[in-house]
Every structure is written in structure tokens, then in C-alpha cells.
Amino acid sequence: MKIQKIHHVAYRCNDAKETVEFYTKRLNMDFILAIAEDRVPSTKEPDPYMHVFLDAGSGNILAFFEIPNSPPMGFDENTPRWVQHIAFQVEDVATLMQAKTELEESGISVIGPTDHGIIKSIYFFDPNGHRLELTTITGTPKEMDKLDQVKWDMLNEWAITKKAPQHAAWMHEKEFAE
């Protein structure tokens, strides 16, 4: 078996309407589908929900569930908030910076831009507390190839030492050379 693609990724939301409005207004996603049920189709449990789907571009779908009869939404307390996030790619640095300006003008606090060596990113939160990243690729084909060549060496070293391998240290050296 070979996976064709991710059909959708689903997260919980506090308010389906507010969530759809945020993603359509702030990130220009199209609202493509809503499904509401009184029972969970897979388990037949009585648990009403609203399931909404948004077009995240290039066949990618972002979905949310509002489940009002469940305890309040929470996050994994043992995982730092910066780890769990949804990242969306934009065309270029100019688009990234325009998005930052528009988000800040609408009252949304934005971190960044952060230069990761091969990408630049900004970070902010949606109304549900999900951390979002907008990113654009800045690495050259040569840099991307260089990373591709060391990926297994890096992973294998990490598996043994649990310390950051230095195979791609050049990415961080680049930011100090500018």
C-alpha cells in the first residue's frame, strides 16, 4: 500500500461558526462542507457534533469538530505549545510579511518572522488556541539537496544520542553571516 495523500486533518474547535469565519476571513480559505450528526457514525455513540471542512489549497483539507456535550477543550499539558501546530505555506516572503501586517492590524498577536535557514515563518493562534504557522521556502535547491543527503545520518545519530546532530549547522551559521 502507498498512501495517495492526506484527505483531511481534523482538530477540535470551541465554536464551528467562529472557526469557519476566522479561517475564511483571516487565511482566505474556502468553506467547502459541513456535516452534522447526532450519533458518531463509526461507534454509533449518541454525541452530536458539527464537522466543518476548509480548503487549505492544493487539495489539502483542514477540518474541525465542535462537540458541545464533551468537557471543555484542552491541550496536551506535557507537550510545549510550540510543538503542536498547523503550518501553511505561502508563496514568498512578501506574501508572508503582508499576512503578518494584516493579522496584526486585525488585532492578532504574531511572532516572527523567524528565519529557520531554509524557510521563514510567522506564528499566531486561532480562536481555539491552535498554534498556526505561515511559512515560505527560502532555501535554494542546492541547500534542500544538501539536507536531503544527510537526513538519515541525522535521524540515526539523534536516535542514539538525543542531541542535535551538526550535519545541518550551516543553516544557522548562514543567518549570522548575513
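Listing for the model above:
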quantity	calculated
Matching residues in the range 85-105 - criterion: being assigned to a loop (DSSP other than H, G, I, E, B) and of a type in the set (Val, Ile, Thr)	VAL90
Filter result for the condition that a residue is exposed (fewer than 13 other Cβ atoms within 10 Å of the Cβ), polar (S, T, N, Q), outside any strand (DSSP E or B) and at positive phi, over SER70, SER58	SER58
Filtered residues of the range 156-175 (kept if loosely packed, with under 11 Cβ neighbours inside 10 Å and at pLDDT 90 or above)	ALA159, ILE160, THR161, LYS162, LYS163
Residue identified as part of a helix (DSSP H, G or I) and modelled with pLDDT of 95 or more among PHE22, PHE65	PHE22
Which listed residue, of GLU77, GLU91, GLU105, is outside the structural domain of TYR49 (by TED's automatic domain parsing), within 25 Å of GLY59 (Cβ to Cβ) and surrounded by fewer than 14 Cβ atoms within 10 Å (Cβ to Cβ)	GLU91
Scope the range 28-64; condition among the polar types (S, T, N, Q) and more than 23 Å from GLU91 (Cα to Cα); matching residues	SER42, THR43
Residue ID - surrounded by the most Cβ atoms within 10 Å (Cβ to Cβ), chosen from residues in the range 12-45 that are of a type in the set (S, T, N, Q) and without any contact (Cβ under 8 Å) to a residue 40 or more places away in the chain	THR24
Unique match (being in contact with a helix residue (DSSP H, G or I) (Cβ under 8 Å, 6 or more places away or on another chain), of a type outside the set (Phe, Trp, Tyr), assigned to a loop (DSSP other than H, G, I, E, B) and modelled with pLDDT of 95 or more) among ILE122, ILE108	ILE108
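The values are calculated or read from the model by the stated rules, or taken from the named source; none is laboratory data. Note that the coordinates shown come from a computational prediction; the quantities given were computed from them, not determined experimentally. Note that we place each Cβ from the backbone using ideal geometry, even for glycine, and neighbour counts take in every protein chain shown.
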